[in-house]
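In what follows, a structure is listed as C-alpha cells, so that the remarks can point back to it.
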Amino acid sequence: MKKIRALAILIMFLMIFPSSCLAVKDELPSLKDIYEEYFPIGTAVSVASWANPKTLYTHDSLIEKHFNSLTVENAMKPDYLQPREGHFNFRQGNEVVDFAESKNMLVRGHTLVWHAQTADWFFKDNEGRRIDEKEEITESDRQLVIGRMEAHIERVVSEYKGRIYAWDVVNEAISDSPNVIYRQDSPWYKILGEDFIKLAFIKAHEVDPDAKLFYNDYGAVNPNKRDRIIKMLEGLIAEGVPVHGIGIQGHWSVEGPSFEDIERAIQMYADLGLEIHITELDVGMKGYTEEEQAQYYREIFKIFKKYSDVITNVTFWGMTDNTSWRADVDPLLFDKNQEPKPAFWAIVNTDNPWYVNKAECIGALAFRNSAGKELVTLLPGKYTLNDINSVFSLEEVARLELQKGYVAIFHESEDFTGDTYTYISTDEFDGLDMLNKVKGVNIKHVEFNNILLGKTAEANVAADRAERAIDGNSNSSWSPNAQAPYWLTVDLEETHLINRWVVKLHGTGPLAGANPDGPFNAADYKLQVSTDGVNWYDIDTVTGNTASFTDRNIKSTEARYVRLYVTRPTSLDFNQKLVVYEFEVYGIPLTNIF
Ligand code: XIL
C-alpha cells in the first residue's frame, strides 16, 4: 500500500516537473556527462594517509557520479612507491586503479620525477652522503642517480602499463625566478643538470610507448614562467624527446590568474603541438564569496570548453573543501557535506549564472515545514495550488524560500489573472498566510541590474556633479563639501522593484589606494524611496560605518524615486566632505516582472 502511494507521488512529480531534472535532491546533473563531448572530468583521490581521509571510499558515490578520470593524490609519488631502494609499494595505487577500471574511468599517473616527496636515498652515494650537497659531483655519482631514476620509472610505468593512460613524468622543474629557467633547488637538477628531464621522458616512453607523457607545473599560465616552460618544451621537442603534453596544475584563486593569462597560455602551449591537461584544479576563495568563486569557475570553464580540441582532461585536486589540501580556502565544488556549492552549479552550464542552473535543476521555490524540512522545491514555472496540494498537504507548509534571481508571483485566481503578490529572493515570507489567500504561483527568473545607470541625479549640494555618483565609473565622484545632511535623488522614470544597494566611498577611490577602511568613509547614511518624489521612506540605514563600501540586500520594495541620504559624511566631526564614487541600486521595472 505504502509503495503504491510512493509510486503515485513519483508519477506526480514527473508530471509537475517536466524538465529532465527532477526536484529530488539526489538527482544532481553529472559533470562527466555534461562534459562528455569536451573532455574527461577528473578528481584526485586519497586512499589513506595520516593527514587525509580515504576519499576513495568516503566519497565513492560522488566520484562515480561526476568523474571519469582519477589521479592518486599522494600514493604514486616516489616516496610512497619506493620508500627504500628496491622496495616498491603499489597497494594504494592498485586500489585506485582497480576502482577506476571497475567504473570505466581513466587514470592519470602522478608523478615520476619530482624534487619533493622523493626519498633521500635517491640522492645518496654509496657512503650515504647527499650527492647534491657535494662540492664535486663525479660521473659515477651521476650514473648512480640516473640509474635509480630509470629503475624507478621502469618498474612503476611497467607496473601500470596499459592501465594508466597519462603520466606526469616530470613535475615542477621550472624555476619561479625570472632569472633562471630551471628550479635550482631540485636535487635532480643539481646532480644531473637539465638532462634529467629528457632522460625521464625517454625512459618512460621506452617502457610504455602508448602512455601520454606530460610535463606538469604550477604557475604555468603566469606569462613569465610560461615563457620559460615553453622554452624548455621547445628544446625537448626539437631534440625529438617524447613529450606529449603540458599539465597546467591550476592551483588558483578568485583573484587570479587572469582569464587573459589563462587563455593566452593555452593558445601558446597548443601552438607547440602539445595536448593540455588541467591536472590539479582548485580555486581558493579566501576573502571572497562562494558566488565570486562560482563566477571564476564559470569563466575558466568557458575557456576550457572553447579550447576543448587541445584540452583533453580537466582534473580537480579533490572533491570537497574539507578534504582538500587547501582546506583553509575552500577551493572545490562540494562542501564538507558533499553538497554542491555555487561553483558546481556554475559549471553545469556556463551560459547561465549558477543560480539559474540550480533553479532549473532542483527548483527555485522551496516549501518547508515548521521543522525546516524541505517538502518540495518547485522548478520555475506556473503551478496551481491544486497541483502542489496533490504532492503534499499545504497545511504542513510553514515557510517558503525563494532562490536568488527568481520572483514568485502569487495569483489570487486559478487562471493566473487578477491580483497578485510578488516576492523576490531576499524576502522572508510566511508561507501559510500567503497560501490561504492565493490559488496559483508563477516562478520566474529575473535579472536585477543597477537601475541608476543612465538616469539623472539631483543633489542638495554639488548638484552639477551628482551624476558622477551614478555614471558607472568608479574613478569619478560626487564630493559635496559644505554642511551635512547631503542627499542625492534619482528618478527611476517608472516604478521598480528593488532589492539591493551599494555605496562606494572615499576608500574605494584611486587616491586612497587599495580599499582602505577608515574615518574618511561616510559614517551614517540611508537609502530612502518615494513614489512621488516628495514623501520619503527609510528603507535601510547604515550607522558608524568605516568600510570603504557597503553592499546591502534589502527586502524587495517598490520605488519610483530613490535617495541616498547622508547625515555623517565622515567619522570626523570637523571633516564634512563626503566622497561617493558610486551609488548603485539593483532592481527591475515592475512591468518586466509579469
Ligand atoms: C599535494 C597533496 O595534495 C598533499 O596531500 C601533500 O601533502 C602535498 O602534495 N602540486 C602537486 C601535487 O603536483 O602533488 C601536490 O599535492 C600539490 C601541488
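The values are calculated or read from the model by the stated rules, or taken from the named source; none is laboratory data. Model, not experiment: these values are computed from the prediction. All Cβ positions, even for glycine, are placed from backbone atoms using ideal geometry, and neighbour counts span all protein chains on display.
Quick notes on this structure:
- Any chance Ile153 is surrounded by fewer than 21 Cβ atoms within 10 Å (Cβ to Cβ) and over 34 Å from the mean Cα position of the chain (by Cα): no
- Gly431 vs. criteria modelled with pLDDT of 85 or more and either out of contact with any Pro (no Cβ under 8 Å at 6 or more places or on another chain) or surrounded by 18 or more Cβ atoms within 10 Å (Cβ to Cβ) (or both): no
- Among the residues of this structure, Phe99 does not count as one that is away from the ligand (no atom under 14 Å from the Cβ), out of contact with any Ser or Thr (no Cβ under 7 Å at 6 or more places or on another chain), in contact (Cβ under 8 Å) with a residue 60 or more places away in the chain and assigned by TED's automatic domain parsing to the domain that holds Pro340.
- Considering the stretch 316-326, and only residues there that are within 14 Å of the chain's Cα centre (by Cα) and outside any loop (DSSP other than H, G, I, E, B), the residue that is nearest to the ligand (Cβ to nearest atom) turns out to be Phe316.
- Failed condition for Leu564, given (1) closer than 17 Å to Val585 by Cβ; (2) in contact with a helix residue (DSSP H, G or I) (Cβ under 8 Å, 6 or more places away or on another chain); (3) in a loop (DSSP other than H, G, I, E, B): (3)
- Those residues of the stretch 109-133 which are more than 16 Å from the ligand (Cβ to nearest atom) and in contact with a helix residue (DSSP H, G or I) (Cβ under 7 Å, 6 or more places away or on another chain), in sequence order: Phe122, Phe123, Lys124, Asp125, Arg130, Ile131, Asp132
- Residue pairs meeting the criteria (Cβ under 7 Å; at least 6 apart or on separate chains; first part of a loop (DSSP other than H, G, I, E, B), in the stretch 270-290; second of a type in the set (Gly, Ala, Ser) and crowded, with 16+ Cβ neighbours inside 10 Å): Leu274/Gly245; Lys286/Ser253
- Some residue of the stretch 502-512 being surrounded by fewer than 22 Cβ atoms within 10 Å (Cβ to Cβ), in contact with a Lys or Arg (Cβ under 8 Å, 6 or more places away or on another chain) and over 21 Å from Gln483 (Cβ atoms): yes
- Top-ranked residue of the stretch 372-400 - restricted to ones that are assigned to a loop (DSSP other than H, G, I, E, B) and free of Cβ contacts under 8 Å to residues at least 12 places away in the same chain, ranked as nearest to Leu28 (Cα to Cα): Lys373
- Scanning the stretch 568-594 for residues that are in a strand (DSSP E or B) and in contact with a Phe, Trp or Tyr (Cβ under 7 Å, 6 or more places away or on another chain) returns Val580, Glu584, Val585, Tyr586, Gly587, Ile588.
- Residues (of a type in the set (Asp, Glu), within 16 Å of the ligand (Cβ to nearest atom) and farther than 26 Å from Lys231 by Cα) located in the stretch 265-314: Asp282
- For the stretch 434-452, residues that are of a type in the set (A, V, I, L, M) and either touching a Lys or Arg at 6+ places or on another chain (Cβ under 8 Å) or at pLDDT 90 or above (or both) total 4.
- Within the stretch 500-542, the set of residues being without any contact (Cβ under 8 Å) to a residue 60 or more places away in the chain, in a strand (DSSP E or B), within 18 Å of Glu584 (Cβ to Cβ) and not hydroxyl-bearing (Ser, Thr, Tyr) comprises Lys526, Leu527, Gln528, Val529, Ile539, Asp540, Val542.
- Check on Tyr35, touching a strand residue (DSSP E or B) at 6+ places or on another chain (Cβ under 7 Å) and either at pLDDT 90 or above or exposed (fewer than 12 other Cβ atoms within 10 Å of the Cβ) (or both): yes
- Count - residues of the stretch 48-73 that are within 12 Å of the ligand (Cβ to nearest atom), part of a loop (DSSP other than H, G, I, E, B) and crowded, with 20+ Cβ neighbours inside 10 Å: 1
- Number of the condition not met by Glu467 [criteria: (1) without any contact (Cβ under 8 Å) to a residue 12 or more places away in the chain; (2) over 23 Å from Glu582 (Cβ atoms); (3) not basic (Lys, Arg)]: (2)
- Residue in the stretch 240-256 that is without any contact (Cβ under 8 Å) to a residue 24 or more places away in the chain and polar (S, T, N, Q) present: no
- When we screen Ala166, Ala204, Ala211 for residues that are surrounded by 22 or more Cβ atoms within 10 Å (Cβ to Cβ), in the same structural domain as Phe90 (by TED's automatic domain parsing), within 16 Å of the ligand (Cβ to nearest atom) and within 36 Å of the chain's Cα centre (by Cα), the only hit is Ala166.
- Residues satisfying the stated conditions in the stretch 341-368, i.e. in a strand (DSSP E or B), surrounded by fewer than 21 Cβ atoms within 10 Å (Cβ to Cβ) and of a type outside the set (A, V, I, L, M): Arg368
- Test for Lys203: is it modelled with pLDDT of 95 or more and out of contact with any helix residue (DSSP H, G or I) (no Cβ under 9 Å at 6 or more places or on another chain): no
Residue-by-condition table, conditions (1) basic (Lys, Arg); (2) buried (at least 21 other Cβ atoms within 10 Å of the Cβ):
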site	(1), (2)
Ala75	no, yes
Glu95	no, no
Ala116	no, no
Asp125	no, no
Arg130	yes, no
